[in-house]
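Trainee: Before we start, here is the structure in question, set down as structure tokens.
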């Protein structure tokens, strides 16, 4: 924790408050503690927005549950930790269910510093998650603004009409309080507003619009944007000490401002100013899109000024409506500059339609033109941003791809785009033509430092692809080989699902005290006819990255359910089978339906689920809802790999789970590591206090078994009892030791 925490302590005993403060200070936690003992004082202290609240359960005229309810109504994100005497598990559990993050006894304060840090960290994560969702909503509306304004640029020929439409679209589609566009008057040394939309009123009568520096104790954002040739952003108007007109902005409920220069050549010809109601409305992602928007507006205004619509359309292909080579290179140069500043990669793909000349000759130019229009439409439909696509030659298209981290993603994306664009025939002149394409790819910065060089190297890669017959090639041959190997492995994985090369192995879970088998964990294995037995670490991450884990996960649930029925058909009494659930599966809306389909209406259900601790904490509200629905199907749920994440006790108490599985990394350190012993003991006590079964993973020695038994652990799994077994081996084990099975 790098910052000093402000802690509000609800406690009537000064000595207890001093003990808590000393405990926090002794741990090295930077904290400032304030004590209150009444409801009025508590409400007053909440005005200062503390980082965390610590509370005794009962005070003479106040109690923690009342304080918890008041806190959640006023500051729902502030963590609440109960530090009290013995109050009983029932009251503590009630506090957790009402939203408390943790509770400790006053005579056991050793865990308090870590509890405070974990609670604050989880609160920050929740806030960050909401902020990310808000950012996505903002980006969606800015995409709508981009689309609307680009459509206006193509449609509108009149300069004034275009500027007014830009402001109208920005305000309505972007849901800004107001937008205005101004042009620079060099003679008057000011920005003159020429178009606006929204709650403008008399704003311009008092607005600072000079483009020269002011000494009035503040600054006008428009003038700064013009002078400095860069966007000027104020994301919290109320706290910006240098900003003028704070009173006028507050009257309009404006909290964030972005002023972006309209640049032509090396100077600003004007600005576009956007005013938002939210604090922090303009983050980096949104600003990148708005800068692109300003560039498009600048481009349109420049060409309207210079000549006419024909000159503007000279930058577009009249047949498809796409940018032509010149405009594509200009946009590519701009995006390469942005990629350089962001230290991100960027790719240029050039697509060549095979045998286009033969189609043109055989069916006529009209059919050829219609084919080009359909190809352009399909390529545009694959990506979210039509300005990244251009027609650069008779049968050549170019695409800019950005926002990826690894080159493998470009290979996969190219495969997807080719399939989406050319897998289906094109309806032409009462016939359907099948068309294929070759692609050459160059990646910035490795394959070129400027637009012309990168473009030329993509053309070179395309030429080599056409000569070798490859569907696509990278400019760097080693890149092509590596990505082809990766995609080849991915294709083998897809075929393995089709050929049913996957099997389940089962590792028993046994009672620590009786050695009876009380459960099984299903583990997926790939027996490849070509590669042999492939280790899970080599294919499971790829499954999750490609989404194949959805199909494989559904199969594993069904296979485990069928195997359980087969074991019963052999006259055995198999225990319940637990199947691991991935993050991709749990996030799906149809997750519950998938589980229900897998168990096939079996009553009682024989399948349980295991989810990792970190996965359970990703979206707690949605996770709880889905798991509660699964529980109604008769399915038990365990938290896997417990101890490696950042679980909040408050959330843990709310999850509809029946078991905790202690991560094997802690078990491996037993019994020699005293810290591991203490941690495992604490987890067992915690689980039992929540009435959960505790399972130790990765138990390999009898010494570990003895210690776990003394600590009160319920169950174990590991090589000390059995390795994961194929179905036939499992049936033999269950048959030869029938007295050791069942729950």
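All of the numbers you see were taken from the coordinates with simple rules; none came from a lab. On a predicted model such as this, the values are computed, not experimentally measured, just so you know. Here the Cβ positions follow ideal geometry from the backbone for every residue, glycine too, while neighbour counts run over all protein chains shown.
Trainee: What does the highest-first list of 355-362, 432-439, 13-20, 257-264 look like by mean Cβ count within 10 Å?
Mentor: Descending mean neighbour count gives 257-264, 432-439, 13-20, 355-362.
Trainee: In 10 Å bins starting at zero, report the fraction of Cα pairs in segment 25-69 per bin as a rounded %.
Mentor: P(r) over segment 25-69, rounded to whole percents: 23, 53, 22, 2.
Trainee: Turning to a different aspect of this structure: Over segment 136-283, what is the relative contact order in percent, taking alpha-carbon pairs closer than 8 angstrom and at least six residues apart?
Mentor: Numbers: 284 pairs, mean separation 30.8, N = 148.
Relative contact order, segment 136-283: 21 percent.
Trainee: Just grab the label-to-label distance for residue 135 and residue 431, each label 7 Å out from Cα along the Cβ direction, in nm (one decimal).
Mentor: In this crude label model, residue 135 to residue 431 measures out at 5.2 nm.
Trainee: Can you pull the percent of Cα pairs in segment 127-196 with separation above 19 Å? Before the final figure, lay out each step's value.
Mentor: Details: 1114 of 2415 pairs.
So the pairs more than 19 Å apart make up 46 percent of the total in segment 127-196.
Trainee: Then there's this: In units of 2.2 N^0.38 Å, what is the alpha-carbon radius of gyration of the chain? If you can, show how the numbers build up before the last one.
Mentor: Details: Rg = 32.3 Å, N = 743, 2.2 N^0.38 = 27.1 Å.
Compared with the compact-globule rule of thumb, the chain sits at 1.19.
Trainee: Another question, if that's okay. Below 8 Å between Cα atoms, with a sequence gap of 6+, how large is the relative contact order for the chain in percent? Intermediate values should be presented prior to the final figure.
Mentor: Values: 1231 pairs, mean separation 55.4, N = 743.
With pairs under 8 Å counted, the relative contact order is 7 percent.
Trainee: Taking only the alpha carbons of segment 156-311, what extent do you get along each of the three principal axes, in Å, biggest first?
Mentor: Ordered largest first, segment 156-311 gives principal extents of 48, 34, 30 Å.
Trainee: Also: Segment 403-474: D in µm²/s via Stokes-Einstein (Kirkwood Rh, Cα pairs, 37 °C, 0.692 mPa s)? Don't jump to the answer; show the numbers that get you there.
Mentor: Values: Rh = 13.6 Å.
D, rounded to a whole number, is 242 µm²/s.
Trainee: Using a basic spin-label model with each label point 7 Å from the Cα along Cα→Cβ, how many nm lie between residue 266 and residue 248?
Mentor: My value for the distance between the label points is 3.4 nm.
Trainee: Divide by every residue of the chain the summed helix terms, -39500 (n - 2.57) for each DSSP H run of at least 4, and state the resulting mean residue ellipticity at 222 nm, rounded to the nearest 500 deg cm²/dmol.
Mentor: On the way: 28 runs with 358 residues, N = 743.
Result for the chain: -15000 deg cm²/dmol, rounded to the nearest 500.
Trainee: State, to one decimal in nm, how far the label point of residue 424 lies from the label point of residue 678, with both points 7 Å from Cα in the Cβ direction.
Mentor: 6.4 nm
Trainee: Still on this structure: Let me check I have the definition right: for segment 73-126, take the eigenvalues of the Cα gyration tensor, multiply each by 5, take square roots. What are those semi-axes in whole Å, largest first? Don't skip to the end; give the middle numbers.
Mentor: Details: eigenvalues 75, 44, 11 Å².
With the √(5λ) rule applied to segment 73-126, the semi-axes are 19, 15, 8 Å.
Trainee: Rounded to the nearest angstrom and ordered from largest down, what semi-axes does the equivalent ellipsoid of segment 500-736 get from its C-alpha gyration tensor (root of 5λ)?
Mentor: They are 26, 23, 18 Å, listed from largest to smallest.
Trainee: Quick check on the chain: of the DSSP beta bridges with both residues there, what percent are antiparallel, nearest 5%?
Mentor: On the way: 66 of 110 bridges.
If we restrict to bridges inside the chain, about 60 percent are antiparallel.
Trainee: Counting residues in segment 5-127 as N, plug N into 2.2 N^0.38 Å and put the Cα Rg over that result. It would help to have the intermediate numbers written out before the result.
Mentor: Details: Rg = 12.9 Å, N = 123, 2.2 N^0.38 = 13.7 Å.
Normalised Cα radius of gyration, segment 5-127: 0.94.
Trainee: Additional query: Hey, with R₀ at 56 Å, roughly what FRET efficiency would residue 94 and residue 187 work out to, going by the Cβ-Cβ distance, to 0.05? Show your work: numbers first, answer last.
Mentor: Details: r = 73 Å, r/R0 = 1.31.
After rounding, the FRET efficiency stands at 0.15.
Trainee: Hey, what does the equivalent ellipsoid look like for segment 541-598, semi-axes from the Cα gyration tensor as sqrt of 5 times each eigenvalue, largest first, whole Å?
Mentor: Numbers: eigenvalues 129, 27, 15 Å².
Here the semi-axes work out to 25, 12, 9 Å.
Trainee: Residue 497 to residue 48: FRET efficiency via 1/(1 + (r/R0)^6), r the Cβ-Cβ distance, R0 60 Å, to the nearest 0.05? Spell out each step's value before the answer.
Mentor: Values: r = 57 Å, r/R0 = 0.95.
Calculated value: 0.60.
Trainee: Let me ask something else about it. Principal axes first, then extents: for the Cα atoms of segment 397-536, list largest minus smallest coordinate on each axis, whole Å, largest first.
Mentor: Computed over segment 397-536, the largest-to-smallest principal extents equal 74, 46, 27 Å.
Trainee: Still on this structure, I have one more. At a 10 angstrom cut-off on C-beta neighbours, averaged per residue, how do the peptides 196-206, 684-694 rank from highest to lowest?
Mentor: Numbers: 196-206: 14.8, 684-694: 17.3.
Highest mean packing first, the order is 684-694, 196-206.
Trainee: Using the alpha-carbon centroid of each, what span in Å lies between segment 26-45 and segment 104-147?
Mentor: Taking the Cα centre of each part, segment 26-45 and segment 104-147 sit 22 Å apart.
Trainee: Here is a follow-up. Relative contact order for segment 326-397: what percent, with Cα pairs under 8 Å and sequence separation of 6 or more?
Mentor: On the way: 30 pairs, mean separation 28.1, N = 72.
Rounded, it is 39 percent for segment 326-397.
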